[in-house]
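Participant: This structure is in structure tokens; I'll ask about it shortly.
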Amino acid sequence: MEDIMLERKGFLTYALLGIVLLGVPGAALAGNGSIAGKVTAEKEKYLENAVVYLEEVSGTHAPTSSAHMDQVGQVFTPFVLPVVKGTTVQFLNNDNTEHNVNSPDGEPYDLGTKPKGETATHTFATLGVYTQLCNIHPSMIAYVVVLQNPHFAVTGADGTFRIADVPEGTYTIKIWHERREGDPASVTVASGQAADVTIALHK
Ligand SMILES: [Cu+2]
């Protein structure tokens, strides 16, 4: 009986040591942590395509290296495109019909009308949400969300999101959704840890 207890104690010690050594799976670079969370809403259809982001992270942040919003089957794809301030977004027309790209928001622009295979570009110099419209097809709508830093994520159909590689610190985490509001929250990220955040969307 005593032997069994000793063996169990030994196993427990090794198991605990293993947890300490391995840390939290999915943690990124040494010194950084991550945020893994989910969005809740009164209807499942609102869970997807929310942009979750850190309001401000110190330092300078390079523009997003590759940012595309295509026009395919008379739909802007993706529906929501978060980018870092200063990013040039490429709007490629993949359809056989002509498309226009314009936005009435912030610093409004009209990139003109392009035939198949041509790309319109716009550089987003100011933070904000820019509705993307096509003046030929009223059903076409999408959003470019211009943010201060690259620590953002777009929620999946189940409302989950993950922001990897976040420097240690305490941040204000915010959310943008086409039809719902969400309150800012405070999140503390520790080295090698995945901070857990739940954000409730409401009317
Ligand atoms: Cu169009």
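The values are calculated or read from the model by the stated rules, or taken from the named source; none is laboratory data. Quick caveat, the model's predicted, so the values are computed rather than measured. Cβ sites come from the backbone with ideal geometry, for glycine too, and all protein chains shown count toward neighbours. These accessible areas exclude ligands, DNA and RNA; they are computed on the full protein's heavy atoms, side chains included. Shrake-Rupley method; radii C 1.70, N 1.55, O 1.52, S 1.80 Å.
Participant: Can you give the calculated 222 nm mean residue ellipticity of the chain, where each DSSP H run of n ≥ 4 adds -39,500 (n - 2.57) and the sum is split over every residue, rounded to the nearest 500 deg cm²/dmol? Spell out each step's value before the answer.
Facilitator: Values: 1 runs with 21 residues, N = 203.
Per the formula, -3500 deg cm²/dmol.
Participant: Another question, if that's okay. Suppose each label sits 7 Å from its Cα in the direction of the beta carbon; what would the Glu118-Thr40 distance come out to in nanometres?
Facilitator: Simple spin-label model gives 5.0 nm for this pair.
Participant: With the other protein chains left in place, how much accessible area per residue, in square angstrom, belongs to the chain at a 1.4 angstrom probe?
Facilitator: Working: 11270 Å² over 203 residues.
Accessible surface, normalised per residue, equals 56 Å².
Participant: Quote the charge dipole size of segment 62-147 about the Cα centre in Debye, to the nearest 20; the model charges only the Cβ of Lys and Arg (+1) and of Asp and Glu (-1).
Facilitator: Numbers: 3 positive and 7 negative charges, 31 e Å.
Dipole magnitude for segment 62-147 comes out near 140 debye.
Participant: Would you mind calculating the gained length between Glu178 and Asn96 on full extension (0.36 nm times residue separation, minus the Cα-Cα distance), in nm to one decimal?
Facilitator: That pair, Glu178 and Asn96, stretches by 26.7 nm at full extension.
Participant: Further, regarding this structure: Across segment 65-70, in residue order, what do the Karplus-derived ³J(HN,Hα) couplings come to in whole Hz, using 6.51 cos²θ - 1.76 cosθ + 1.60 with θ = phi - 60° and x for Gly and Pro?
Facilitator: Ordered by residue, 3J(HN,Hα) equals 6, 9, 10, 10, 10, 8 Hz.
Participant: Continuing with the same structure: Just to be sure I follow the rule: in the chain, considering lysines 8 or more places apart or on different chains, how many pairs have Cα atoms under 23 Å apart? It would help to have the intermediate numbers written out before the result.
Facilitator: Numbers: Lys38/Lys174; Lys38/Lys203; Lys43/Lys174; Lys43/Lys203; Lys45/Lys174; Lys45/Lys203; Lys85/Lys174; Lys174/Lys203.
Value for the chain: 8.
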